[in-house]
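The structure appears right after this line, and notes come after that.
Values in this text are rule-based calculations from the coordinates and carry no lab data. In this text the structure is predicted, and so the values were computed from the model without any measurement. FYI the Cβ positions are ideal-geometry reconstructions off the backbone, even for glycines, and counts take in every protein chain you see.
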Amino acid sequence: MTRRPRTAGGIDRDPQHLPVPIGGLHPRRQPRTTPAALRLWRRRGSELVATAGLLLAVAAAVVTVTRPPLSVYLEDNTVHVAGLTLAHPADNGGLTDGRLYTGPATLLMVDRPGGAVVASAVTYLEGEKVTGVCDFGPPTTTEVVERCVLQIGSASVTCEDALRFEGQGSWQRRCSDGQVLTVTVPAGAEVIPMPFPLGR
């Protein structure tokens, strides 16, 4: 009987003998490992979301509590508005009526009978021009009240401000867009109108 010569390398390919895995020809699946972070999220996702929400609420409360109080007042012929200062020019800007103060904002106050004041201001808020007009007083023995209209860009906001003279002087501002604000007046300083977009 004649046999075919062996091929190079000594492998007999007639008949072919192919190795078959013991487990058969079915594909074997390797078990996938789930990352630890994903396993934790699946088990405790809702708790993690609730905890994150609580932490954000606490952070917001801390920011609110630690925010320095706003103040608006006149002292030594200088107007102080939430950390900014407005100076009174020697020539009063050429005006014969009212008191003019200039700086990062412009403020004009015109006295009326009985201690009332009409004040107007022009400033900018995030690039938008803001004008404000306030009717201040006249004051009573216990408080002074003013009504201000702020034009912030194309939006008009009305604010009612009240300052009680008992205890430490501070304005309580309530605006038509829901803003509620406390504005302080240091002891010994002069109370003035507030035609400014405070706290915005």
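A cut-off under 13 angstrom between Cβ atoms defines the neighbours of Val110, and their net charge, with Lys, Arg +1 and Asp, Glu -1, is -1.
Over segment 143-198, Cα pairs under 8 Å with separation of 6+ residues give a relative contact order of 28 percent. Counting 0.36 nm for each residue step from Asp97 to Ala36 and taking away their Cα separation leaves a gain of 14.5 nm. The residues neighbouring Pro186, those whose beta-carbon lies less than 13 Å from its own, together hold a net charge of -3 under the Lys/Arg +1, Asp/Glu -1 convention. Quick check for you: which residues of segment 90-112 have the amide N under 15 Å from the point 7 Å beyond the Cα of Val122 toward its beta carbon? Only 93-95, 100-109 pass the distance filter.
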